[in-house]
Amino acid sequence: MSKTATSKSRRPASMAVATALMMLGLVFSKCSGFLRDIFVSARFDAVYRDSFTLAFTIPDIVFDLLVGGAIQSAITPTLASSIAKGEEEKGWRAVNIFISVFSVLVIAVCALGVIFAEPMFAIFRSEQKGTEVSHLAAMASKWLFPQVFFMMLAALSIGILNSYKRFGSTAFGPTVYNFCVLGSILLFAGNSEKKLMLTTAGIMLSALIYFLFQLFCGHDILRKFRFRFEPKDTEFRKLVLIALPILLSASVVRINMAVLNIFAEQFPEHVTFLLRNASTVWQLPYGIFAVAIGSVMLPSYAALYGEKKYDECSSLLASRLKSALFLTIPSAAFMLIMNSDVIKAVFQWSSNYTEEDASRAGLFLIGYSGAIITHSMVYIFNQSFYAMGKTKIPLLAGSICLISNPLLCKLFISQGLGLLSLTIAYTLTSCIQLAVLIIIYEKDKRVALHNMLPFFIKAAVCTLVMSAVLLLLHKLIAQSGGKIDQLIRIAIKGASCVVVYFVCAIALKMPQATEWINKYKAKLLRKSH
């Protein structure tokens, strides 16, 4: 067998292992993230939990504007491509300068954020609720701006390790961070400004531990970093030109969430934290499946595109889309039908989280359910554009969303849709973004997708059958009892949906079903030996 054939046969297996590792890490990360919201709900009242939620909004936007997109659009593909071409030293030189310059920039911006926190958070002030929530959020954010620097170092470390396809070294870092955050909430959280600020100070230290953990896991590679502050360097400027559009487009999701929070603060009820709860839930399947699959795909797609293997690029993207959508489509249907039950199962662990809270968060989840599918596709398409170096395209699609999201929010609120207006607007906005990406991607016939329609038809049939069974179970199984009964009921319904969906998929001969079954069967066999 030739070396080329051998490499092709090994690639799916290695990608499957890497994807499984990423998914496992993301499962732990998402579950610990759920615990964070549960603890926040138990330790803060409505005012302080909304303030805590809002405090992250602007620092998170700063992170995405200065760092987030650069990792996926510039650092990982540039270094991965250099390694593939045998030019590792050249790739590291550009990355060293990039990290050095942006580190200085982030420190300066975060210092300004601390100084001007109060006027920046004035955008969240509400005529009905006064200034208390926005003031508390501003005070808490003064510890979250420094956190951006440590999160940047951790994220850049992950991007570099992903370039070397060291996914196992990066999979569990977010879980370490989340558990440190949980410790901060348990130790310090309470209904006073001092306790709120102590909590966010602990979260800042959690980000430092997160970075040190990544440094420890990848020290053999990360020790190659050298501080080089050379902003006039030609290769650095090329890297910035690649990254700049994505530094802007990566912030689109955060900005759209900030827009939703601004509208949420205009309602008389305290719903900002509940909006976050619904967002956390829909991002579980999206994060575990789409993000893991897309992140693993990025360096492989970049290498194939650099070698001008366009047919393989098309096949890779199609297989990764199908693999992610095979699981996110039924997840969306389950959350649409079981909205408030899912919210109760995850977040209702104390009397602080009322039935009314669960009902409102469930309403938000109804609107978000479609975003599980659309955002999964958006993320994976964006990864392909980043790998090709066409970073302006995701920026264009995202910029359109910045206009449509607030307009749709205003439209639906004026039509009397109430709280549901916010998340329906968000999902429709992501539909627009996806449409733009698909139209532009398909114009390049070399990498255009083929034979996707049969997959969507089969997935729709399986999901409809699963939904019918779920609705029947929902009527047959009573919705009364304590917490344990509640968890058992939703577990039975969830397990039944998985069985029905996979049986239908196998009957329709969907290869994705056997792919996932074989993947986990192989894991079980390895554990048994």
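The values are calculated or read from the model by the stated rules, or taken from the named source; none is laboratory data. In this text the structure is predicted, and so the values were computed from the model without any measurement. FYI the Cβ positions are ideal-geometry reconstructions off the backbone, even for glycines, and counts take in every protein chain you see. Keep in mind that these areas ignore ligands, DNA and RNA; they rest on the heavy atoms of the full protein, side chains included. Shrake-Rupley method; radii C 1.70, N 1.55, O 1.52, S 1.80 Å.
Using Cβ point charges alone (K and R +1, D and E -1), the dipole size of region 252-403 about the Cα centre works out to roughly 580 debye.
The residues 355, 235, sorted by heavy-atom accessible surface at 1.4 Å with ligands and nucleic acids left out, run 355, 235 from largest to smallest. Kirkwood radius for region 410-482, taken over all pairs of different Cα atoms as the inverse mean of 1/r, rounds to 16.5 Å.
Exceedance of the 27 Å cut-off in Cα-Cα distance is limited, within the set 165/309; 232/309; 224/308; 410/445, to 232/309; 224/308; 410/445. Overall, the chain carries a charge dipole of about 1820 debye about its Cα centre when +1 sits on the Cβ of Lys and Arg and -1 on the Cβ of Asp and Glu, all other atoms neutral.
Counting only protein heavy atoms and a 1.4 Å probe, region 174-280 has 45 square angstrom of accessible area per residue.
Report the net charge of residues surrounding residue 139, where surrounding means a beta-carbon distance below 12 angstrom and charges are Lys +1, Arg +1, Asp -1, Glu -1. Local net charge: 0. For the chain, the fraction of 1.4 Å probe accessible surface lying on carbon and sulfur atoms is 68 percent.
Remark: C-alpha extents of region 154-251 on the principal axes read 52, 29, 24 Å, sorted largest to smallest. Of the residues 262, 243, 231, the one whose Cα sits farthest towards the positive end of the charge dipole of region 224-281 is 231 (charges of +1 on Lys and Arg Cβ, -1 on Asp and Glu Cβ, taken about the Cα centre). Report Rg/Rh for region 372-529, rounded to two decimals, where Rg is the Cα radius of gyration and Rh the Kirkwood radius. Rg divided by Rh gives 1.06.
Seen through its C-alpha gyration tensor, with square-root eigenvalues sorted a ≥ b ≥ c, region 276-402 comes out prolate because a/c lies at 1.5 or above while a/b is bigger than b/c. Helix screen, the chain: DSSP H segments with Cα axial length of 20 Å or more and mean Kyte-Doolittle hydropathy at least 1.6 are 420-442, 453-476.
For the listed peptides 173-179, 313-319, 493-499, a ranking on the average number of other beta carbons within 10 Å per residue, highest first, reads 173-179, 313-319, 493-499. Each eigenvalue of the Cα gyration tensor of region 33-159, multiplied by 5 and square-rooted, gives one semi-axis; in descending order these are 36, 16, 10 Å. Accessible surface for residue 404 stands near 20 Å², nearest 10, in the context of the full protein assembly shown (1.4 Å probe). A Förster radius of 51 Å, combined with the Cβ-Cβ distance separating residue 445 from residue 226, puts the computed FRET efficiency at roughly 0.75. In the chain, helical runs assigned H by DSSP with n ≥ 4 each contribute -39500 (n - 2.57); averaged across all residues and rounded to the nearest 500, the mean residue ellipticity at 222 nm is -27000 deg cm²/dmol. A dipole drawn for the chain from +1 and -1 charges on Cβ atoms has a positive end, and of 47, 364, 455 the residue lying farthest that way is 455.
A simple spin-label model places pseudo-atoms 7 Å from Cα toward Cβ; at residue 492 and residue 115 they are separated by 6.2 nm. When 353, 286 are compared by accessible area of protein heavy atoms, the largest-first order is 286, 353, using a 1.4 Å probe.
Taken per residue, the accessible surface of region 76-135 reaches 48 Å², heavy atoms only and a 1.4 Å probe. For the chain, the residue among 116, 275, 399 whose Cα projects farthest onto the positive side of the dipole built from Cβ charges is 399. Note on the chain: Cα Rg divided by 2.2 N^0.38 Å, N the number of residues, gives 0.96.
Rounded to the nearest 20 Debye, what is the dipole magnitude of region 371-529 about its Cα centre when Lys and Arg each give +1 and Asp and Glu each give -1 at the C-beta?
Using Cβ point charges on Lys, Arg, Asp and Glu, region 371-529 gives about 480 debye.
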